Amino acid sequence: MGVARGWRHERRYFAAPTFGMNLRTYSILALDDDPDILTALRLLLKPHVLQIVTERRPENIPALLAATPFDLALLDMNYRSPVHTGNEGLFWLRKIREIAPQMAVVMITAYGDIDLAVRSLKEGARDFVVKPWQNDRLLATIEEALRAGAPDGKAKARKLVAAPVADVGGAAIIGSSPEMEAIFQKIRKVAPTEANILILGENGTGKDLIAQAIHQQSARAARPFVKVDVGALTESLFESELFGHRKGAFTDAREDRAGRFEAANGGTLFLDEIGNISLQQQAKLLSVLQNRRVTRLGANESVPLDIRLLCATNVPLTELANENRFRKDLIYRINTVELTVPPLRRRPTDIPLLAQHYAAVYAGKYGKPPVVFSPAALLKLQQYAFPGNVRELQYTIERAVIMAETALLDAADLLFSPLEAPDGAPDALPADLNLSAVERSTILRVIELHGGNVSRAAKALGLTRTALYRRLHKYDL
């Protein structure tokens with residue numbers, strides 16, 4: 001279909017109809033290999049629904065449904081795709097029903113395929129509409145399909161948001177990437193043992209969650225889990241905080257006090273940021289670990305210890321092995337097994353899962369309606385390097401939820417922290433600096449900013465409408 005014909009579609013389909021049901025909380029996925037049909041659907045539905053996502057290639061359906069909890073799919077009956085069944089719409093209807101059985105599906109069909117459309121109802125579709133459609137008829141069909149399945153659809157949406165949380169002892173660790181699957185497998189292997197474990201990783205990667213998961217899958221799960229940020233302890237507080245003290249041991253010691261080692265007796269002691277303690281502190285720590293006994297400051301008698309030791313640091317192991325910085329005998333004592341948590345930039349497929357999780361958390365916390373992300377917003381998140389890792393992503397989503405004026409978060413709603421960006425720049429460069437990827441991302445963002453209006457987006461990009469259409473075809477947008 002040429003450009004001129006496509007714009008005739010826009011003029012025909014885009015008269016704004018009146019619409020009874022409030023659909024602002026619903027997300028719709030439209031699937032058709034004709035880009036003009038998709039443009040028509042997007043511009044028609046955008047004012048009425050929370051989110052409208054369009055897709056030309058039906059083979060992307062599984063990935064789309066995994067990333068976003070849609071309430072309804074508008075599915076064309078025929079495709080020029082790698083799947084050649086003679087009735088591709090029925091094939092993809094079955095696939096959708098298999099992946100998301102509670103999601104409503106409305107088939108879009110040409111007049112000559114009405115028999116197939118009727119068959120689709122037996123396969124689980126809620127209804128069908130015939131091209132060229134009437135706006136009021138299409139909207140009424142969508143309304144009826146959503147009304148019929150709204151309770152189940154909303155329950156499914158909540159389940160999809162919660163699904164990425166991994167089953168690693170009850171700790172809320174989110175991720176399905178190969179890198180995180182490798183971490184989960186190691187946790188399951190080492191957690192039931194008594195081995196001391198050193199958890200390595202950059203700031204903000206979730207080392208404390210890994211430690212909690214190890215404790216919760218161990219035989220000590222019912223016993224105390226005690227965390228200490230040893231890197232924040234001063235020389236004067238180090239011994240008192242870890243080993244405890246007797247009354248009168250120093251000026252402010254007004255009563256006997258157990259240290260963290262004693263508090264963790266029978267359970268797990270997690271020493272965070274252990275790479276930042278001094279050589280003198282390391283010597284004191286090593287003595288306790290070797291003897292498995294602790295003596296409070298000001299006391300003569302020692303107390304036997306039964307602890308499982310977990311440690312974490314953001315210092316690479318190669319730097320930690322420098323004896324001018326860290327004692328090798330202490331490294332061997334704390335590092336029976338080492339576990340390295342990957343930075344977020346090395347697992348970009350986990351970013352949409354994490355973003356949706358935090359969006360749900362903060363929408364609930366601040367009394368906002370359920371939040372969803374536009375495709376441009378998810379692309380922006382995945383192209384950012386996140387030097388602050390998951391912690392930075394969490395703060396980014398919290399800020400976006402607070403400041404957003406609608407329940408649909410767009411790329412413009414996502415502002416990255418100048419505290420993490422190099423040289424204090426407000427936005428770090430995207431992880432993928434390939435020129436085509438940057439151009440594709442820019443086109444998506446500008447089209448979203450202009451509400452799907454191709455003419456205004458082309459003008460903003462300094463292109464003719466024809467040139468923009470060529471790029472849309474080039475990048476399968």
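The values are calculated or read from the model by the stated rules, or taken from the named source; none is laboratory data. For clarity, every value in this text was computed on a predicted model and none was experimentally measured. Backbone-built Cβ (ideal geometry, glycine too); neighbour counts: all protein chains shown. Side chains are part of the model used for accessible areas, which takes the heavy atoms of the whole protein and leaves out ligands, DNA and RNA. Shrake-Rupley method; radii C 1.70, N 1.55, O 1.52, S 1.80 Å.
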Legend entry - Residue in region 11-35 that is modelled with the lowest pLDDT, counting only those that are assigned to a helix (DSSP H, G or I) and open to solvent by 10 Å² or more (accessible area, probe 1.4 Å): ARG11
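Okay, residues lined up against (1) out of contact with any Leu (no Cβ under 7 Å at 6 or more places or on another chain); (2) charged (D, E, K, R); (3) touching a residue at least 24 places away in the same chain (Cβ under 8 Å):
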{"site": "VAL288", "(1), (2), (3)": "yes, no, yes"}
{"site": "THR295", "(1), (2), (3)": "yes, no, yes"}
{"site": "SER302", "(1), (2), (3)": "yes, no, no"}
{"site": "ARG308", "(1), (2), (3)": "yes, yes, yes"}
{"site": "THR313", "(1), (2), (3)": "no, no, yes"}
{"site": "PHE326", "(1), (2), (3)": "no, no, yes"}
{"site": "ASP329", "(1), (2), (3)": "no, yes, yes"}
{"site": "ASN335", "(1), (2), (3)": "no, no, yes"}
{"site": "GLU338", "(1), (2), (3)": "no, yes, yes"}
Inset, instruction - Return yes when LYS459 is more than 30 Å from GLU392 (Cα to Cα), at pLDDT below 75 and either of a type in the set (Asp, Glu) or open to solvent by 30 Å² or more (accessible area, probe 1.4 Å) (or both) and no when it is not. - result: no
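In this structure, is LEU198 of a type outside the set (Val, Ile, Thr), more than 24 Å from ALA258 (Cα to Cα), open to solvent by less than 10 Å² (accessible area, probe 1.4 Å) and in contact with a strand residue (DSSP E or B) (Cβ under 8 Å, 6 or more places away or on another chain)?
Details: of a type outside the set (Val, Ile, Thr): yes; more than 24 Å from ALA258 (Cα to Cα): yes; open to solvent by less than 10 Å² (accessible area, probe 1.4 Å): yes; in contact with a strand residue (DSSP E or B) (Cβ under 8 Å, 6 or more places away or on another chain): yes.
Yes; evaluated as a whole, the condition is true for this residue.
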Inset, instruction - Answer yes or no as to whether TYR384 is open to solvent by 50 Å² or more (accessible area, probe 1.4 Å), at pLDDT 85 or above and aromatic (Phe, Trp, Tyr). - result: no
Inset, instruction - Any chance you could count how many residues in region 114-138 are more than 25 Å from GLU98 (Cβ to Cβ) and either touching a helix residue (DSSP H, G or I) at 6+ places or on another chain (Cβ under 7 Å) or in contact (Cβ under 8 Å) with a residue 24 or more places away in the chain (or both)? - result: 7
Legend entry - Every pair of residues 6+ apart whose Cβ atoms lie under 8 Å, when the first sits in region 188-206 and is at positive phi while the second is of a type in the set (S, T, N, Q) and open to solvent by 20 Å² or more (accessible area, probe 1.4 Å): GLY201/ASN314; GLY201/THR340
Legend entry - Number of positions in region 124-145 that are surrounded by 21 or more Cβ atoms within 10 Å (Cβ to Cβ) and at pLDDT below 85: 0
Inset, instruction - State whether the residues of region 73-84 include one that is at pLDDT 85 or above and in a helix (DSSP H, G or I). - result: no
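Within region 309-346, which residues are open to solvent by 70 Å² or more (accessible area, probe 1.4 Å), of a type in the set (S, T, N, Q) and within 24 Å of LEU393 (Cβ to Cβ)?
Once the filter is applied, which keeps residues that are open to solvent by 70 Å² or more (accessible area, probe 1.4 Å), of a type in the set (S, T, N, Q) and within 24 Å of LEU393 (Cβ to Cβ), region 309-346 yields only THR340.
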Inset, instruction - Tell me which residues, restricted to region 284-308, are within 41 Å of the chain's Cα centre (by Cα) and open to solvent by less than 40 Å² (accessible area, probe 1.4 Å). - result: LEU285, LEU286, VAL288, LEU289, LEU305, ILE307, ARG308
